[in-house]
Amino acid sequence: MILKFKEVLPGLFLTIIIYVFSYFLSIFFGTVLLGYEKSPISNILFAILIGIIIGNTFNLNERINLGLNFSLKYILRLGIILMGIRLSLSDVFIYGASSIPLVILCISSVVLVVIIFGKFSRISTRLSYLIAVGTSICGASAIVATAPVINAKKAEITYAIANITIIGVIVMFLYPYIANYIFVKDPITIGLFLGTSIHETAQVIASGLIYEQQYGESIVLEIAAVTKLVRNTFLLIMIPMVIYFYNSKNKNSYSVSKIFPLFIFGFLFMSLVRSLGDYYFNSYGSVPNIEIWEYIIDVIITLSGVSLGVAMASLGLMTNIKEILKMGYKPFFIGLIAASTVGCVSICALKIFIWFEIFV
């Protein structure tokens with residue numbers, strides 16, 4: 001274990017340096033140069049952009065990449081798990097249940113549109129399916145999980161991942177501002193929109209953090225995260241469906257444990273801790289004990305934010321612009337259509353839900 005930690009330390013240290021630098025850079029630009037009391041420029045935005053610049057300017061060696069992979073995989077999950085302390089268990093189930101109809105509608109629309117346009121564009125059926133599941137469910141994780149069961153080629157996997165990466169990064173930056181304009185600072189609706197319309201879990205978290213820091217609504221990040229976790233679980237349904245429709249005669253096997261996002265249980269556990277803690281201290285605790293409990297919650301929330309920020313720096317460092325530019329225009333076109341579809345469907349559905357006061 002010590003040896004493994006030494007292997008990931010250089011890359012992990014780089015992400016921490018970028019995160020810390022982006023934090024002070026955000027304060028400098030927002031408070032010193034622009035004169036605001038609180039910086040309106042997200043340090044997460046700086047962390048990702050600095051990561052992209054460094055990652056595409058310098059040739060990062062394998063030791064660095066080990067740390068980046070560790071950060072984007074484990075530090076990100078740690079941040080999501082700790083973020084569960086921000087919500088009670090009842091809130092998680094309420095927001096999760098509210099998002100299910102929206103998630104089903106978005107997934108169905110994207111899969112249908114990508115398959116239809118894929119045939120017109122004459123790209124391979126395998127690539128169409130990879131782009132569909134990557135856009136509608138959980139980005140690269142869904143692509144990697146689906147690829148073996150449809151015997152996808154390495155080039156197709158690379159194309160699909162590059163596709164959802166570049167489009168996901170674009171919408172990650174744009175959607176917090178677009179959502180705030182369309183839904184007029186309605187935090188629940190904005191959280192649902194971000195959670196259903198952005199590809200990767202990391203990108204959803206980044207977008208929610210940007211919104212939180214720009215507009216001061218922490219609940220947006222929480223709802224977006226819960227909605228994204230609900231989307232991720234649909235991979236358990238999507239893969240069998242892909243197997244059936246792609247090749248019903250040759251149903252390849254797959255492992256549920258490998259595709260199910262187990263960190264969801266960690267998120268739920270932290271929400272349970274919050275629920276039990278709030279109930280106990282509010283019912284039986286003295287004022288000093290309640291203050292200690294609130295302090296513990298604040299510390300965990302801070303640790304979650306730092307973990308997510310470090311993971312976002314890794315996301316920037318691992319965004320390879322050169323690889324993305326090598327991608328042909330047809331897959332990019334299909335991916336753009338898929339992203340536009342899920343965004344438009346999410347907006348329209350949420351407008352209808354608002355009209356019928358479903359979330360009120």
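The values are calculated or read from the model by the stated rules, or taken from the named source; none is laboratory data. Being a predicted model, the structure only gives us computed values, none of them experimental. FYI the Cβ positions are ideal-geometry reconstructions off the backbone, even for glycines, and counts take in every protein chain you see. Ligands, DNA and RNA are excluded from the accessible area calculation, which covers all protein heavy atoms including side chains. Shrake-Rupley method; radii C 1.70, N 1.55, O 1.52, S 1.80 Å.
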Residue pairs within 6 Å by beta carbon, gap of at least six or interchain, first lying in the stretch 112-135 and small (Gly, Ala, Ser) and part of a helix (DSSP H, G or I), second open to solvent by 10 Å² or more (accessible area, probe 1.4 Å) and modelled with pLDDT under 85, listed first then second, are Ser121/Lys330; Ser128/Ile115; Ala132/Val111
Qualifying position, being touching a residue at least 12 places away in the same chain (Cβ under 8 Å), open to solvent by 70 Å² or more (accessible area, probe 1.4 Å), aromatic (Phe, Trp, Tyr) and not in a loop (DSSP other than H, G, I, E, B), among Phe70, Phe21, Phe93: Phe21
Any residue that is within 19 Å of Ile115 (Cα to Cα), at pLDDT 80 or above and open to solvent by 10 Å² or more (accessible area, probe 1.4 Å) - is there at least one of those in the stretch 226-241? yes
What is the residue count in the stretch 172-189 for residues that are aliphatic (A, V, I, L, M), exposed (fewer than 15 other Cβ atoms within 10 Å of the Cβ) and more than 13 Å from Ile354 (Cβ to Cβ)? 1
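Here's a check for you: in the stretch 98-136, which residue that is open to solvent by 60 Å² or more (accessible area, probe 1.4 Å) and of a type in the set (A, V, I, L, M) is modelled with the lowest pLDDT?
Let us first name the residues in the stretch 98-136 that are open to solvent by 60 Å² or more (accessible area, probe 1.4 Å), namely 100-101, 104-105, 108, 112, 116-117, 119-120, 122, 125.
Filter once more, so that each one left must be of a type in the set (A, V, I, L, M): 100, 104-105, 112, 116.
On the way: Ile100: 88, Ile104: 90, Leu105: 90, Leu112: 86, Ile116: 82.
Result: Ile116.
Name every residue in the stretch 179-213 that is of a type in the set (Ser, Thr, Tyr) and farther than 13 Å from Met312 by Cβ, in order of residue number. Break it down into steps so the answer makes sense when it comes.
Going residue by residue through the stretch 179-213, those that are of a type in the set (Ser, Thr, Tyr) are 181, 189, 196-197, 201, 207, 211.
Scanning the stretch 179-213 gives Tyr181, Thr189, Thr196, Ser197, Tyr211.
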Residue list for the stretch 130-163, restricted to those being over 17 Å from the mean Cα position of the chain (by Cα), among the β-branched types (Val, Ile, Thr) and within 15 Å of Ile107 (Cβ to Cβ): Thr146
All conditions in (1) among the aliphatic types (A, V, I, L, M); (2) open to solvent by 20 Å² or more (accessible area, probe 1.4 Å); (3) within 26 Å of Ile164 (Cβ to Cβ); (4) at pLDDT 85 or above are true of Leu350 except (2)
Would you mind stating whether Ile44 is assigned to a helix (DSSP H, G or I), open to solvent by less than 40 Å² (accessible area, probe 1.4 Å), under 29 Å from Glu62 (Cβ atoms) and at pLDDT 75 or above? yes
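From Val220, Val204, Val169, grab the single residue that is open to solvent by 10 Å² or more (accessible area, probe 1.4 Å) and at pLDDT 80 or above.
Matching residue, one of Val220, Val204, Val169: Val169.
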